[in-house]
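This report refers to the structure that appears directly beneath it.
Derivation of every value follows stated rules applied to the coordinates shown; laboratory data play no part. Just so it is clear, the structure is predicted and the values come from calculations on it, not from any experiment. Ideal geometry is used to build each Cβ from the backbone, glycine not excepted, and the neighbour counts take in all protein chains shown.
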Amino acid sequence: MRIEHWFYSLPLRLRSLFRRSQVDQELNEELSYHIEQKASQLIAAGMPADKARRAALRSIGGLEQRKEECRDTRKVNWIQDFLQDFRYAARTLRKSSVFTAVAILTLALGIGANSTIFSVVDAILLRPLPYPQPDRLVRIWESSLKYDSPRNVVNPFNFLDWRDRSQSFESMAAISDAVTNLSSHGQPIAVPGMQVSPEFFSILRVAPFLGRAFSHADGIPGQDRSIVLSYELWHRQFGDNRSIIGQKIDVDGVPCEVIGVMPKGFSFPKMKAEVWTPLPLERTDDYKSGRYLTVVARLKPGVSIPQAEQDMLRVIDFTQQARPDFNKNWSANVVPMLEDATHRVRRPLWVLLSAVGFLLLIACANVANLLLMRGTGRLRELAVRSALGAARSRLLRQLFAESLLISLASILVGLLFASLGLSALLALIPQSAPLPRTEPISIDARVLLFTFFASLFTAVLFGLVPAFRLSLIDLQNALKQGSPRSGVGGHQTLRRIFVVAEIALALLLSVGAGLMLRSFARLTSTDPGFGTDHLLTMHIWTSPSRYSDNLKRSQYFDRILTEIRSTQGVQAAGSTHFLPLTDMLSGSCFAPADQPAPTPAESPSAQFLIISSGYFQTMNTALLAGRDFEARDNFKAASVAIVNHAFVERYYPGQNVLGKQLSVCWTLEKPAEVVGIVADARHAELQDAPEPTIFLSNAQAPMYFATLVVRAAGDPLQIARDAEAAVHRVDPDQAISDVQTMEAVFSNSVSSPRFQTVLLLVFAALAIALAMIGVYGVVSYSVSQRINEIGIRVALGARSSDVFRLVLREALALSAIALVLGLLTSLALGRVLQSLLFEVTATDPATLASVAAVVLAVSILAAAIPALRASRVDPLTALRYE
Amino acid sequence: MSKPPDLLQGTLDFLVLKILALEPLNGWAISQRLTQVSGDVLQVSDGSLYPALHKLEQEGWISSEWKPSENNRRAKFYTLTRLGRKQLDQESANWNRLSAAISHVMRLKET
C-alpha cells in the first residue's frame, strides 16, 4: 500500500519541486477553465457578462488562497517555502542593517563566551582521559579522618600489601615524582621525572613509540638501570635520533640504558614528567615509614568502584593489623582517575559555565526584545502578506527564518570571538601553573557541535517567543486601523518581563563577580608571614650516587649556600625543602623526649620543614624568641629544632618551649632541642591558616633536594645567572630548575582564583552592558509609544522635569522588581559559590548592597537618555506625529 | 484560510471518488455532477473542490491528464486509480456500516 502510494505521488512531487512554474501554470489554467465555464453558464442563464465573471470568481472564494491551498497539498512546498523564506529574510535583514548588526553582535558575544568556556570544560572535565578504556583507571589513596586527608599519598609497604592482596585490579603501580639530573652535551639539565613500577605503562595501556616499556626485570632493585624518555625530550635533547635506544646516558650520575621513547603528547594527569625510571620497591626497613607514593590501578573487567572499595577495606584490615603503630586510623580511597584529576577545578568550571549560560540568556532576551520591537513595526507588512494568502503558520515560519539567519550569522561571529577569547583566556593561565590535564584546549569539532546546539537553542528561544506572540495579534484589524502603533499593548508587557529578567540575571552575575573580587582582594592582601619581594628561588635535586650519605649532602648544601652568599648583590640566602605557596607540605608525628617514643597512630603531628640557617632572615620571617640555626649546629652536634608560634599555641600554651627536647618521627635517632620560636607563615596555600610547624636543620637532617631562596639587593632576576654560577662552582654537574622570583611563586599560587575572578568580572561587565541596552531599548520604545501623550502633557503645562520623572519612573519600577528577584536568586545560589570564597560569605551584605547599587545606577543611566529626549519633546511636533 | 470540518472533508473525498468511479471528468464537470447528485442537501463550494482534488491526486487515489474537453478546450481530467478504487471500496464499506448502524439507532422506539 505504501509503496503503491509512492508510485503515484513521487513523480508528482518531483515534478512540483523541479518544474514548479509549469505546475503552477497548470493550476492557473485549471482554475481559470472552471471560472470561465461558470461564467458562461451564468451568462447563458441571462446574467450580464461582467457581473457573471465576478460571480464566477466569488464562487471560488478567494482565488489566491485556494491556489495556495492546492500548492500545500503537494507536500514538497515546504522546501520551496523554506528557501523563499530564507531569501526573503536575508533581504529584510539587509535592509535594517543596524538592527541586524546589534542582534548578531549581542548573540555572538553570548555564543562566543559559551564556546570559550565550554572548550575548557570539555577539554578538562568531560573528555575521557587519553588512554584506552580510561573509565577503568583509578587512583588509590590512603585516607585519614584524623588528618582530614582523604587523598593522602601512600606508604611503600602498604602499597606492596595492596598490590599483592587486593583482587579487584588487573594491576597496580606506584609512582614517585622526582627531578632527574641528565647530562646532555656536557651540560647538566634538570628534567621532571617519574619513578614508576614496571606495570605503570601497561596499566595505562600505552605502548612506547620506540623501543620497549619497563618489564618486570627493570623493577628489581639493583637492576633498575633503564630509562624511558618522552617524545618531547627525545626531540629536544636527542634530535630525534632513533639509535638512542640501547645507548647509555647519565642519569643522576649513573649510566642508564635508554630502552624506550613514549609517543608524542603522552602525559599523566597532574604530574609533569619527561623521563620515567623504574621504582624498585622491596620490603626493607627503608620503605617502612613515610607516605609519598601515588598509586594508579586498572580495575578488572566487571568490577565496580564500590566493589573495589570493599576489597580494599579487606586489605586495609590486614595492613592495620600488620603495622598498627603506623596504620591505625588510616583507610584507603578508590577514586576514578578522571574525577581525581579534576576534582579541584570541577566546581569553578561549572560556575563559569553557568555564568556564561546566564550571559547567553541575557543576550537572548535582548535580541527577543529587539525582534518584538521590530515585529510591531512590521504589523502592516504581515497583515498585507496574510491578506495575500499567507497562512498564519507561514508567517510564523517567515519570522523564524529571520531568527535562524541571525543565529547562523552569530555562530560565525561567535566562533571568531571564541577563538580570540580562548587565546586570551589561556594567556591568563601562567605556564607553570599546574593544570589537571595537559591535553591541548582548543575549539574543535565537539565545541563546534556545542556551539551549534547552543545557538539553535537561542534561535528557538529568542525567535519563537516574539513570533508566536505576534501571531496572536489580529492582523486584519492591524490593516484596517492603519496605525502601526495600535494593538501592541501586550508586547510591552512581554518586553518588560524580558528586561526584568535581564537586569536580574546581570545582577546575579555581578554578585558572583563581586564576591569573587572581594574574596580575591582578601586573599592577595593576606600577609603570608614572609616578604615576597627581592627573592629569587631555585630548585636543586642532588645526585643520589654522588651525595649518597647525609654528611656529604649536608656539607654540599653548606658549600653552595656559602658560595651564593659571597656573590655580589646577594644580601642573604637560605634553603627549605618545600617552598611556601607551592601546595607541598610534609607532616610528622612527634612527642616530648621524656615520653614514650611517638607513633604516627597515637602521637600529635605537626608540619615539618628542613631548612638551613639564614632561611628566616632571608624570608624576613621574624624570630620571636631564642636563636636561628647556627654554624655550630653541624652534623655531629646535638640536634636542634625551631618551632613556630602556632606550634607553641597549640601544644605548649603559656609555657616556655625553649630548651624542650622533642622526638620527631622524621628523625627519630636523636631528640632535638627547641632553640628558637619564629612567627607564623602561610605554607602550602595562601588560604590555609598557619599550621603548627617544626623546623629541622638541613645541616643535621638533610633532604635529597632543596629550594634555595636568595635575597637580592636589587632585581632578583639580575642575580640569577651569578647564583647559578655559584652553584656550578661547587659542582659543575648540578642541574638547577625552577629559577623564579618569589613574587612569581606568589602570583602563580593565586592564579586559579585570579582566573575565576577575572572571567566572572568580564562576564558580569558584559551582562550589565547587555542589560543596559535592554533597558535603553524598552524605555525609548515606550517613549516613542507615548509621544502623543507626552505632547499633550507638555501642551497642558507639564514641565520637562515632570516628563523626565514620568519616563524614569518606569525604568525604576522595572529595576526595583529585577533587583529583588536578582538578590533573592543570589541568596539562593550563594552556597554554590561559598567553597570558592576566601574569608567572605556568599551572602556578604556589603557586596550585595554595592552590586545592587551599581546595577540600579546603571539602569537609571540607561533610562536617562530616552527620558531626557522625552523631556525635550516639542508639543507641536509630538502632536503632529502620527 | 479556514478548512471545512473533517466530516465534510471526508465526505467530499468520498463523493469525488464515487463520481470518478463512473468516468474520468474534469474539475468543472465534477462540480456540476456534485450539484446534480447531491442536490441542495450537500452544499459543496467550488473553492474547496480543487484543493480536495489535488489532495486526492497526491494520495495516489486519482491521476490526471490534460485532454480536450467537450467544447474542445484543454482541461485537466481526473481518473480513478487502482489505489483509489481500493480506497473507495473501503470507504463504501465503512459508510454502509456506519449508515446501517445509524439507521438502526434511529429505528429504536422512544419509550
For this session: Write out the cysteines belonging to chain A for which the nearest other cysteine Cβ is not under 4.7 Å, or none if no such cysteine exists.
Result: A:70, A:256, A:364
Exercise. Expressed in nm², what is the orientationally averaged projection area of the convex hull enclosing the Cα positions of region A:588-630?
Worked result: 4.2
Exercise. Average partner chain C-beta neighbours within 10 Å, per residue of B:56-64?
Worked result: 5
For this session: Mark the label point 7 Å from the Cα of residue A:688 along Cα→Cβ and return the residues of region A:580-608 whose backbone N is within less than 15 Å of it.
Result: A:580-589, A:605-608
Exercise. Beyond 38 Å, what share of the Cα-Cα pairs of the protein assembly as shown remains, rounded to the nearest whole percent?
Worked result: 65
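Provide the packing ranking of A:88-94, A:696-702, i.e. peptides ordered by the mean count of other C-beta atoms within 10 Å per residue, highest first.
Output ranking for A:88-94, A:696-702: A:696-702, A:88-94.
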Exercise. Which lysines does residue A:67 reach when only Cα atoms under 17 Å apart count, and residues fewer than 8 places away in its own chain are ignored?
Worked result: A:75, B:3, B:55, B:76
Exercise. Helix A:720-730 versus the longest principal axis of chain A: what is the Cα-based angle in degrees, 0 to 90, to the nearest 10?
Worked result: 30
Exercise. Is there a simple number for the mean count of other chain Cβ atoms within 10 Å of the Cβ of residues in A:25-37, and what is it?
Worked result: 5
Exercise. When the helices in the protein assembly as shown are scored as -39500 (n - 2.57) per DSSP H run of 4 or longer and the sum is shared across all residues, what 222 nm value do you end up with, to the nearest 500 deg cm²/dmol?
Worked result: -17500 deg cm²/dmol
For this session: Would you mind checking the tilt of helix A:77-95 against the longest principal axis of the Cα atoms of chain A, expressed as 0 to 90 degrees and rounded to 10?
Result: 80
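Highest mean first, what order results for A:400-409, A:453-462 on Cβ atoms within 10 Å?
Details: A:400-409: 21.7, A:453-462: 19.3.
Ranking, from highest mean packing down: A:400-409, A:453-462.
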For this session: Would you mind giving the mean number of other chain beta-carbons within 10 Å of the Cβ of each residue in A:56-66, as a whole number?
Result: 3
Exercise. In degrees from 0 to 90, rounded to the nearest 10, what is the angle of the helix A:49-60 Cα long axis to the longest principal axis of chain A?
Worked result: 30
Seminar exercise, completed: As straight-line cross-link partners of residue A:264, the qualifying lysines (C-alpha separation under 18 Å, not fewer than 8 residues apart within one chain) are A:272
Exercise. Got a sec to turn the phi values of region A:798-808 into Karplus ³J(HN,Hα) couplings, 6.51 cos²θ - 1.76 cosθ + 1.60 with θ = phi - 60°, whole Hz, x for Gly and Pro?
Worked result: 5, 7, 5, 5, 4, 5, 4, 5, 4, 6, 5
Exercise. What pairs in A:38/B:86; A:248/A:636; A:146/A:660; A:146/A:300; A:270/A:636 have C-alpha atoms more than 29 Å from each other?
Worked result: A:38/B:86; A:248/A:636; A:146/A:300; A:270/A:636
Problem set entry | Rounded FRET efficiency, nearest 0.05, which uses the C-beta distance separating residue A:627 from residue A:254 and R0 of 51 Å | 0.80
